Amino acid sequence: MKNSFLKSKHIAPLFSLVLFLAVWQFISGFYNPVIVPSPIETWHSFFSLAVSGLLWEQGRQTIIRGFAGFGLAVLAGTPLGFLIGLNQTAASLFQPLVVVLQVTPLISWLLLAMIWIGFSRVPLFVVFITTLPLIIINTIQGIKSVDLQLLQMAGVFRVDKLRIIREVYFPQVIPYLFAGLAAALGTTWRAVAMAELLSVNQGVGAGMAVARTNLETAALFAWTIFLIILGLLTDRLLSYLSRQKLNQWK
Amino acid sequence: MIPLDYIGFNHVYKSFGQTSVLDDFSFSVPAGRIICLIGPSGCGKTTILNLLTGLEQPDRGYISGTANLRISCVFQETRLLPWKTVSENISFVLQDLTMLQRQKLIDLHLKAMGLYEYRNSYPKTLSGGMKQRLALCRAFAFPHDLLLLDEPFKSLDVPLRMELVQQVAGMWIKNPRTIVFVTHDILDALLLGHFILVLSAKPTTTLDTLEINIPPGERVIAEEPFPAYYNHILALLEGRGEHEHA
């Protein structure tokens with residue numbers, strides 16, 4: 001009975017959240033608030049940031065930069081993934097570059113972007129360059145997994161290539177693309193905050209930099225919670241869109 | 001030299017790696033008829049169809065009478081697009097038609113197959129038999145000169161199979177075009193085929209060619225000559241019969 005109560009869809013996550021807050025509250029009792037602020041102090045900080053308007057203003061900057069970089073990566077990465085997946089020459093040319101993009105450390109991109117394009121555009125560039133390989137690789141994986149029997153069928157009925165790409169490849173790539181988008185969104189909020197921390201004076205990352213300088217650890221926690229909420233909300237939204245798109249026929 | 005209104009394999013050789021599937025394989029049948037290929041599993045029947053569609057090329061020899069033909073096909077698996085509705089699955093293979101012409105053609109074939117009321121459903125909601133009927137619909141709707149049927153009724157129960165065989169016969173009577181029908185079921189072949197090619201195991205050779213002049217749709221399997229044909233084909237497939245009997 002107790003187990004089925006905990007297994008319920010909504011109760012178990014709520015229980016784990018309450019447990020996490022209790023452990024956090026307990027631990028914070030042993031430390032100075034500058035080292036580990038309590039959940040209540042963090043909430044107060046979050047609340048005052050929200051009331052002052054700083055949370056929304058800085059958050060808005062971060063969201064715009066994050067979505068701009070992410071959107072550009074989707075716009076560039078999806079066709080590039082199709083090109084690499086469908087064309088052997090393009091695969092030979094571009095696939096090694098995609099691997100280089102994927103393994104280059106985030107901090108290297110950050111520092112290079114500061115030199116190359118100036119500080120204000122660093123967050124957008126860093127989000128773009130770190131999420132681009134995730135989109136490309138997932139699109140390629142989707143293309144590689146396309147049902148060959150369906151392609152053969154379309155070939156026998158002499159369906160033209162463009163329609164085959166649009167109506168046979170694309171629907172089968174969508175689940176992989178959504179997986180790529182989910183991974184890329186997770187990376188987006190981490191990358192944009194880190195880039196803002198080091199390169200600009202607006203945005204959540206910049207807010208975190210100020211909090212660190214002033215030793216406002218509760219504010220640092222509040223900004224972190226804002227980023228976690230942002231990540232969770234966008235992830236849920238993406239899951240919803242994915243279900244809407246796929247449930248009809250899957 | 002085979003005339004153009006004949007479809008034929010001329011000394012065709014086809015191997016996959018070390019396995020020889022067709023070894024000097026030849027046959028020729030008049031166009032506009034139903035040709036049944038019957039043989040043991042894995043004897044290379046599907047390879048013959050793939051050569052006809054152009055999905056495979058012969059290693060040696062040539063195939064005559066198929067150049068410039070519009071080819072339609074029903075595969076062993078239904079090969080439907082699960083993200084498209086029943087109507088859209090047929091529409092997918094129809095090109096160079098106005099939307100109105102396309103819709104008319106789709107509705108005509110869906111009504112003939114009893115699928116019209118499911119036109120907006122997705123394949124996941126259809127039964128196995130309905131999916132196979134949809135695959136047949138798609139193949140019939142596609143403007144074709146040659147229809148290839150690759151054991152399309154393999155996984156279906158006997159009553160449904162008989163129903164679909166009758167549908168194919170009915171379609172041919174309305175619009176007689178060349179059909180190459182691969183099957184491992186003697187009854188299907190006897191019900192449909194004007195020519196029945198009995199094939200051997202690999203490398204494939206023609207054990208016998210039977211010609212039946214009774215039109216499909218008018219055949220009573222329990223009456224002669226069908227029981228004799230049945231026993232003859234069965235004997236050939238079991239390796240007991242005499243070649244080139246009919």
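The values are calculated or read from the model by the stated rules, or taken from the named source; none is laboratory data. Small disclaimer: the values here were computed from a predicted structure and weren't measured. For neighbour counting, all protein chains shown are included, and Cβ atoms are generated from backbone atoms with ideal geometry for every residue, glycine included.
Quick notes
- You will find that of A:A154, A:A182, A:A195, A:A191, the residue that is assigned to a helix (DSSP H, G or I) and either within 14 Å of another protein chain (Cβ to nearest Cβ) or over 19 Å from A:I63 (Cβ atoms) (or both) is A:A154 and no other.
- Selection status of A:I64, modelled with pLDDT of 95 or more, out of contact with any Cys (no Cβ under 6 Å at 6 or more places or on another chain), surrounded by fewer than 15 Cβ atoms within 10 Å (Cβ to Cβ) and on the phi < 0 side of the Ramachandran plot: yes
- Of all the criteria given as (1) among the hydrophobic types (A, V, I, L, M, F, W, C); (2) farther than 22 Å from B:Q132 by Cβ; (3) within 13 Å of another protein chain (Cβ to nearest Cβ), the one not satisfied by B:L55 is (2).
- Residue in segment B:154-161 that is on the phi < 0 side of the Ramachandran plot, free of Cβ contacts under 8 Å to residues at least 12 places away in the same chain and of a type in the set (A, V, I, L, M) present: yes
- Residue in segment B:188-202 that is farthest from B:L149 (Cα to Cα), counting only those that are touching a strand residue (DSSP E or B) at 6+ places or on another chain (Cβ under 7 Å) and small (G, A, S): B:S200
- Identity of the residue in segment A:16-46, modelled with pLDDT of 90 or more and among the aromatic types (F, W, Y), that ends up farthest from A:E216 (Cα to Cα): A:F20
- In the set (1) surrounded by 22 or more Cβ atoms within 10 Å (Cβ to Cβ); (2) of a type outside the set (S, T, Y); (3) in contact (Cβ under 8 Å) with a residue 60 or more places away in the chain; (4) in contact with a Leu (Cβ under 9 Å, 6 or more places away or on another chain), the condition left unmet by B:V21 is number (4).
- Residue check for A:L49: modelled with pLDDT of 90 or more, among the aliphatic types (A, V, I, L, M) and under 18 Å from A:A206 (Cα atoms): yes
- Any pair with Cβ under 9 angstrom, 6 or more apart, that starts in segment B:24-37 at a residue that is within 11 Å of B:G8 (Cα to Cα) and ends at one that is of a type in the set (G, A, S) and assigned to a strand (DSSP E or B): B:F25/B:G61; B:S26/B:G8; B:S26/B:G61; B:F27/B:G8; B:S28/B:G8; B:S28/B:S64; B:V29/B:G8
- Within segment B:61-87, the residues that satisfy the criterion of being at the interface with chain A (Cβ under 9 Å from one of its Cβ atoms), under 17 Å from B:T125 (Cβ atoms) and buried (at least 20 other Cβ atoms within 10 Å of the Cβ) are B:L80, B:L81, B:W83.
- Condition check for A:V146: of a type in the set (A, V, I, L, M, F, W, C) and closer than 30 Å to B:N68 by Cβ: yes
- Number of residues in segment B:114-144 that are farther than 18 Å from B:E163 by Cβ and away from chain A (no Cβ under 13 Å) equals 1.
- Residue check, A:V146 part of a loop (DSSP other than H, G, I, E, B), in contact (Cβ under 8 Å) with a residue 24 or more places away in the chain, surrounded by 17 or more Cβ atoms within 10 Å (Cβ to Cβ) and within 12 Å of chain B (Cβ to nearest Cβ): yes
- Pairs where the first residue, in segment A:175-197, is on the phi < 0 side of the Ramachandran plot and the second is acidic (D, E) and surrounded by fewer than 20 Cβ atoms within 10 Å (Cβ to Cβ), C-beta under 9 Å, 6+ apart: A:A182/A:D235; A:L185/A:D235; A:G186/A:D235
- Single unsatisfied condition, A:L75 versus (1) of a type in the set (A, V, I, L, M); (2) at pLDDT 95 or above; (3) surrounded by 17 or more Cβ atoms within 10 Å (Cβ to Cβ): (3)
Residues are listed down the side, and each one gets a yes or a no for (1) small (G, A, S); (2) in a helix (DSSP H, G or I); (3) away from every other protein chain (no Cβ under 14 Å):
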{"site": "A:W109", "(1), (2), (3)": "no, yes, yes"}
{"site": "A:A113", "(1), (2), (3)": "yes, yes, yes"}
{"site": "A:V122", "(1), (2), (3)": "no, yes, yes"}
{"site": "A:F128", "(1), (2), (3)": "no, yes, yes"}
{"site": "A:L132", "(1), (2), (3)": "no, yes, yes"}
{"site": "A:N138", "(1), (2), (3)": "no, yes, yes"}
{"site": "A:L150", "(1), (2), (3)": "no, yes, no"}
{"site": "A:V159", "(1), (2), (3)": "no, no, no"}
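- In segment B:171-182, the count of residues that are more than 21 Å from B:V29 (Cα to Cα), modelled with pLDDT under 90 and not charged (D, E, K, R) is zero.
- Tally of residues being of a type outside the set (G, A, S) and over 18 Å from B:V182 (Cβ atoms) across segment B:44-63: 4
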